[in-house]
Amino acid sequence: MERLKPQRLDKLIASTGKWTRREVRELVRRGRVTVDGQPARSAEDKADPETASILVDGQPLGYRRYTWLMLNKPAGVLSATEDGRGKTVLDLLPQELRRQGLFPVGRLDKDTEGLLLLTNEGGLAHALLSPKRHVDKVYYARAAGRLAEADRRALAAGLTLEDGLVCLPARLEILTSGETSEVLITLREGKFHQVKRMLAARGAPVLYLERVRMGSLELDRSLPRGAFRFLTEEEMEKLRTLV
């Protein structure tokens with residue numbers, strides 16, 4: 001990864017999403033920011049974010065070169081950066097994060113909930129979505145209808161839908177089966193409404209859909225719907241090993 005050039009303190013500190021640039025200037029003016037043990041003289045001073053020790057009120061800045069968030073997406077929100085039709089996932093974030101050029105890594109349907117990653121690191125995001133990478137995406141679904149072994153085999157063989165869409169082999173794990181079935185579906189692609197269309201083709205239209213895992217990264221169940229958090233270093237390492 002190319003080495004970063006020194007950057008202005010106000011830009012660096014504001015990039016954490018904890019303060020605006022105006023607030024950073026006030027922090028510096030009050031002597032609450034130190035760089036390598038010395039009080040910062042100006043918010044316009046430059047520092048190397050990868051080597052300098054930058055503290056605010058004695059606490060490490062926690063600088064991230066790129067921002068990666070895990071969002072527990074609620075229903076009714078669009079997986080887009082902007083859309084005139086309704087509320088987007090970026091509307092769930094504070095202003096400072098919305099200014100960082102974040103975008104969803106892939107999409108979830110408006111009524112689908114669960115794991116959605118947001119980032120401003122284009123290279124890794126696009127690699128994770130590349131069909132050549134075959135990154136597993138796992139969904140929990142409740143469907144109207146009884147799903148059985150024949151359906152599991154059909155998805156494992158790869159479905160061709162009535163409109164000619166060819167779906168790669170997918171894994172179907174049946175959790176419960178009855179008038180309503182509960183299943184886990186693992187895909188290695190993400191075509192439009194794919195889970196819904198596959199299950200509808202097997203006579204079991206989806207009632208509820210949630211993405212629970214992407215690669216080895218699982219949805220953090222401590223996150224309420226609509227809430228987000230930064231990915232940990234361990235989680236970032238898992239993503240990078242996938243590509």
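The values are calculated or read from the model by the stated rules, or taken from the named source; none is laboratory data. Predicted model, so just to flag it, every value in this text is computed and none were measured. Counting neighbours? That spans all protein chains shown, and the Cβs are built from the backbone with ideal geometry, glycine included.
When Lys73, Lys46 are checked against the criterion of being touching a residue at least 12 places away in the same chain (Cβ under 8 Å), under 17 Å from Glu210 (Cα atoms) and of a type outside the set (A, V, I, L, M, F, W, C), a single residue qualifies: Lys73. When region 7-61 is limited to residues that are of a type in the set (Lys, Arg) and within 23 Å of Thr119 (Cα to Cα), the one that is modelled with the lowest pLDDT turns out to be Lys18.
Scanning region 2-14 for residues that are out of contact with any helix residue (DSSP H, G or I) (no Cβ under 8 Å at 6 or more places or on another chain), in contact (Cβ under 8 Å) with a residue 40 or more places away in the chain and under 17 Å from Ser42 (Cα atoms) returns Pro6, Gln7, Leu12.
Would a scan of region 147-170 turn up a residue that is in contact (Cβ under 8 Å) with a residue 24 or more places away in the chain, within 30 Å of Arg65 (Cβ to Cβ), among the hydrophobic types (A, V, I, L, M, F, W, C) and not in a loop (DSSP other than H, G, I, E, B)? Checking region 147-170: not a single residue is in contact (Cβ under 8 Å) with a residue 24 or more places away in the chain, within 30 Å of Arg65 (Cβ to Cβ), among the hydrophobic types (A, V, I, L, M, F, W, C) and not in a loop (DSSP other than H, G, I, E, B). Listed conditions (1) in contact with a Ser or Thr (Cβ under 9 Å, 6 or more places away or on another chain); (2) more than 30 Å from Leu108 (Cα to Cα) are all met by Thr67, apart from (2). Across region 209-220, the qualifying residues are those that are at pLDDT below 95 and not in a strand (DSSP E or B), and the one among them that is surrounded by the most Cβ atoms within 10 Å (Cβ to Cβ) is Gly215. Number of residues in region 171-184 that are of a type in the set (D, E, K, R) and outside any strand (DSSP E or B): the value is 1. In region 222-241, the count of residues that are in a strand (DSSP E or B) and charged (D, E, K, R) is one or more. Looking across region 134-158 at every residue that is surrounded by 14 or more Cβ atoms within 10 Å (Cβ to Cβ) and more than 21 Å from Tyr208 (Cβ to Cβ), the one that is nearest to the chain's Cα centre (by Cα) is identified as Val135. Going through region 185-208 one residue at a time, which ones are under 17 Å from Pro131 (Cα atoms) and either in a helix (DSSP H, G or I) or over 23 Å from the mean Cα position of the chain (by Cα) (or both)? Matches in region 185-208: Gln194, Val195.
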